[in-house]
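Have a look at the structure below, then the notes.
The values are calculated or read from the model by the stated rules, or taken from the named source; none is laboratory data. This one's a predicted model, so the numbers in the text were calculated from it and none came from an experiment. Neighbour counts are summed over all protein chains in view; Cβ atoms, including those assigned to glycine, are modelled from backbone coordinates with ideal geometry. The protein model used for the area step is the full one, side chains on, heavy atoms only, and it has no ligands, DNA or RNA in it. Shrake-Rupley method; radii C 1.70, N 1.55, O 1.52, S 1.80 Å.
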Amino acid sequence: PLGWVEERKPLTSPQHLALLPIVPLTAVLVTVAVHLAGRRDAGASIVADRDHSEAHLGLLYGPSGLAIRLMRATVIGWWVAIGLSALIYGFIAKSTGATVSGSVKEVLSKLGATGTGAATVFSVCFLIEAILIGFVAAGQVTAARSEESEGMLDHFVVRPVSRSAWLGGRLLVALVVLVLSGVAAGVLGWLGAASQHTGLSFTSLLGAGINLVPPAIVILGIGVLTFGIRPRATSIVVYTVLGWSLLVVIVGGFGTVGHWVLDTSVFHHMASAPGVPPNWEANGIMTAVGVAAALVGGLAFRRRDLQGA
């Protein structure tokens with residue numbers, strides 16, 4: 001199906017006949033989805049779930065364990081998406097880099113990826129990985145807010161578990177998830193690139209993967225700050241920051257945008273590694289901003305009442 005979309009060539013010579021396999025496939029999938037939805041009960045599934053809760057009681061040792069238990073399926077799904085996409089980028093980086101020229105090269109340079117070759121392609125592809133990791137960070141914050149809005153947090157704070165321990169446990173899990181997401185992107189990207197003999201080293205791609213984490217930490221910190229001050233606005237604020245940062249980077253790549261607008265995007269402050277070396281100073285500042293925002297949000301959370309939906 002991805003090849004079908006590519007055959008449309010919308011920016012060069014549109015081929016409307018390429019829609020012929022796309023439209024029927026979409027119609028069939030929608031029809032099947034509607035049919036299956038009509039056969040199942042609300043909140044249930046066509047394939048019966050198996051209860052394995054007793055096998056994972058060891059995770060229920062505290063707030064961190066519960067966070068892992070509640071988020072593991074979602075996080076694993078994100079890791080699969082991040083890892084597989086990085087692996088695919090490694091497969092195509094060499095062949096795609098050989099075709100970079102003209103207007104495409106100009107657009108890539110606006111995105112911060114100078115030159116040509118596999119490293120340049122990876123620089124742009126890893127921007128997509130940074131966006132995916134940003135979504136992971138946003139999901140961690142909104143999940144914490146959901147625990148509060150649905151009343152699950154009440155069962156913790158009425159027992160000998162402090163708010164700080166609960167939120168700290170959630171943030172520790174979130175930070176580990178983000179770091180491992182960046183590592184997975186770098187390692188699997190290198191595996192794909194090594195299979196094509198691109199010449200990119202393991203250390204350069206691992207560093208490029210870790211380079212993806214600081215923008216996500218900023219998003220996480222802003223989310224926690226909002227969670228502590230205006231909890232009902234958590235989802236709105238965190239996804240607005242993520243969406244705006246993405247929009248600014250895209251518009252900046254295809255047009256002329258003032259630096260003061262570009263500076264509002266967390267992705268703009270991330271170096272386009274491995275096309276250029278990671279800017280560890282900027283990464284340190286972004287990490288510090290995210291941590292500071294999270295600390296202020298945590299202090300505000302300790303002082304406010306719990307708020308439902």
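For every other residue with a beta carbon closer than 10 angstrom to the beta carbon of ARG304, add +1 if it is Lys or Arg and -1 if Asp or Glu, then tell me the sum.
Charge balance near ARG304 sits at +3.
Using +1 at the C-beta of Lys and Arg and -1 at the C-beta of Asp and Glu, which of GLN196, GLY151, GLY139 has the Cα lying farthest in the positive direction of the dipole of region 138-198?
Of the candidates, GLN196 comes out farthest on the positive side.
Round to the nearest 0.05 the FRET efficiency obtained for LEU29 and LEU180 when R0 = 41 Å and r is the Cβ-Cβ distance.
Here the calculated transfer efficiency is 0.80.
Give me the one-decimal Kirkwood hydrodynamic radius in Å for the chain, with the sum taken over alpha-carbon pairs.
When all Cα pairs of the chain are included, the Kirkwood radius is 21.5 Å.
In whole Å, largest first, what are the principal axis extents of the Cα atoms in region 169-309?
Principal-axis extents of the Cα atoms in region 169-309, largest first: 57, 38, 27 Å.
Given just the C-alpha atoms of region 255-300, how large is their convex hull per residue in cubic angstrom?
Given the Cα convex hull of region 255-300, per-residue volume reads 91 Å³.
So how much slack lies between ALA292 and THR12, counting 0.36 nm per residue of separation and subtracting their Cα-Cα distance, in nm?
Extending this stretch completely gives an extra 96.1 nm.
Sorted by accessible area with a 1.4 angstrom probe, largest first, how do MET152, MET286 fall?
MET152, MET286
What's the angle, to the nearest 10 degrees (0 to 90), between helix 213-229's Cα axis and the longest principal axis of the chain?
Its long axis makes an angle of about 30 degrees.
Convex hull over the Cα atoms of region 131-186, averaged projected area in nm²?
Across all orientations, region 131-186 yields a mean hull projection of 4.0 nm².
In the chain, if the dipole is taken from +1 on Lys/Arg beta carbons and -1 on Asp/Glu beta carbons about the Cα centre, which of GLY284, THR26, THR226 is farthest to the positive end?
In the chain, that residue is THR226.
Within region 264-302, which residues have the backbone N less than 12 Å from the label spot 7 Å out from SER162 along Cα→beta-carbon, could you tell me?
Correct set: 299, 302.
Using heavy-atom solvent-accessible surface (probe 1.4 Å) with all chains present, what is the largest-first order of ARG230, ARG303, ARG170, ARG69?
ARG303, ARG230, ARG69, ARG170
Dipole size in debye (nearest 20) for region 150-298 around its Cα centre, Lys and Arg Cβ +1, Asp and Glu Cβ -1?
320 debye
Step through the residues of region 79-91 one at a time and calculate ³J(HN,Hα) from phi using the Karplus curve (6.51 cos²θ - 1.76 cosθ + 1.60, θ = phi - 60°), rounding each to whole Hz and writing x for Gly and Pro.
Each residue of region 79-91 in turn: 4, 4, 5, 5, x, 5, 5, 5, 5, 5, 4, x, 5 Hz.
Please label the shape of region 1-40 as rounded, prolate or oblate, based on the square roots a ≥ b ≥ c of the eigenvalues of the alpha-carbon gyration tensor (a/c under 1.5 means rounded; beyond that, a/b larger than b/c means prolate, else oblate).
Prolate.
Only four residue types carry charge here, +1 at the Cβ of Lys and Arg and -1 at the Cβ of Asp and Glu. Report the dipole size of the chain about the Cα centre in Debye, rounded to the nearest 20.
260 debye
7 Å from Cα along Cα→Cβ at both SER195 and ALA37: what's the point-to-point distance in nm?
3.6 nm
Note the angle between two axes, namely the Cα long axis of helix 280-303 and the longest principal axis of the Cα atoms of the chain, as a number of degrees from 0 to 90, rounded to the nearest 10.
Once rounded, one gets 20 degrees.
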